[in-house]
1. So which residues in the range 158-174 are modelled with pLDDT of 90 or more and open to solvent by less than 60 Å² (accessible area, probe 1.4 Å), if there are any at all?
2. On the basis of being buried (at least 17 other Cβ atoms within 10 Å of the Cβ), within 16 Å of the chain's Cα centre (by Cα) and modelled with pLDDT of 95 or more, does Ala80 make the cut?
3. So, of the residues in the range 45-66 that are touching a residue at least 24 places away in the same chain (Cβ under 8 Å) and open to solvent by 10 Å² or more (accessible area, probe 1.4 Å), which turns out to be nearest to the chain's Cα centre (by Cα)?
4. Considering each residue of the range 26-44, count those that are open to solvent by 40 Å² or more (accessible area, probe 1.4 Å) and either under 13 Å from the mean Cα position of the chain (by Cα) or touching a residue at least 60 places away in the same chain (Cβ under 8 Å) (or both), and give that number.
5. When the residues of the range 100-133 are filtered to those that are of a type in the set (A, V, I, L, M) and open to solvent by less than 80 Å² (accessible area, probe 1.4 Å), which remaining residue is farthest from Leu158 (Cα to Cα)?
6. Give the range 159-177 a look and list any residue that's assigned to a strand (DSSP E or B) and touching a residue at least 60 places away in the same chain (Cβ under 8 Å), or say none.
7. Please list, ordered by first then second residue, the pairs with beta carbon atoms under 7 Å, 6 or more apart or interchain, first in the range 77-100 and in contact (Cβ under 8 Å) with a residue 24 or more places away in the chain, second assigned to a helix (DSSP H, G or I).
8. Take the conditions in a strand (DSSP E or B) and within 22 Å of Val32 (Cβ to Cβ) and apply them to Tyr122. Does it pass?
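The values are calculated or read from the model by the stated rules, or taken from the named source; none is laboratory data. Predicted model only: the values in this text are computed from it and were never measured. Neighbour counts run over all protein chains shown; Cβ positions are idealised from the backbone, glycine included. Just the protein is used for accessible areas: all its heavy atoms, side chains included, with ligands, DNA and RNA removed. Shrake-Rupley method; radii C 1.70, N 1.55, O 1.52, S 1.80 Å.
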Amino acid sequence: ARDVAAWLVPGLQNTAAPTSRYTALAQAGAPVRRLTQEASGQRIALRRAGPLADGTVLWLAPDEAGYTFREGILVATRGAGNDLMAAEVDQLLALIHSGQGGTAERFHAYLDGTGGIVLRSYVCTVTQGVGQILEDCAGLEDNFINAYRIASGGGGVLTSRQHPGPDAGAVLFEDGAR
């Protein structure tokens, strides 16, 4: 049985055994991305399950909760509670690729806990420094700041602090961590 809340709600402990799919990924040596819930400090070792048809990459938790990234930017979650169903981040990625700061709009679709979809839009101020990007986003109902550490030479996102949803709080992602 899934025990997703134990990984994402402060104070709960996860006692669920990893799924067979997650175990197979671990045994095959699939890359690791550590997820740390900032509020509780709880950590989960995500395993790379592979690329999806749209060019995004799926990472799985031991209970098979899924975290989908586009070039290191979180664009969807499944099985994590009040899921981020989709995030439109094309303007952010265009700024990152250009090496410039500026303004980017973000659009998110969330599950609301009753099976309904809630749409939210954000205007984000993006600033880039040496090896780092800050994305300060403001919406009508909530605000958040995402931070990304980028590999030298224009490589991908190495570590990040991102907000999967208005109720989730900040989550840290770190590639290669155990």
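1. Passing the criteria: Thr159, Ser160, Gln162, His163, Pro164, Ala170, Val171, Phe173.
2. Criteria not met by Ala80.
3. Trp59
4. Looking only at that region, the number is 4.
5. Val118
6. The answer is Ser160, Arg161, Gln162, Val171, Leu172, Phe173, Glu174, Asp175.
7. Every condition considered, the pairs that remain are Gly79/Val4; Ala80/Val4; Ala80/Leu8; Gly81/Val4; Gly81/Ala5; Gly81/Leu8.
8. Values: in a strand (DSSP E or B): yes; within 22 Å of Val32 (Cβ to Cβ): no.
Criteria not met by Tyr122.
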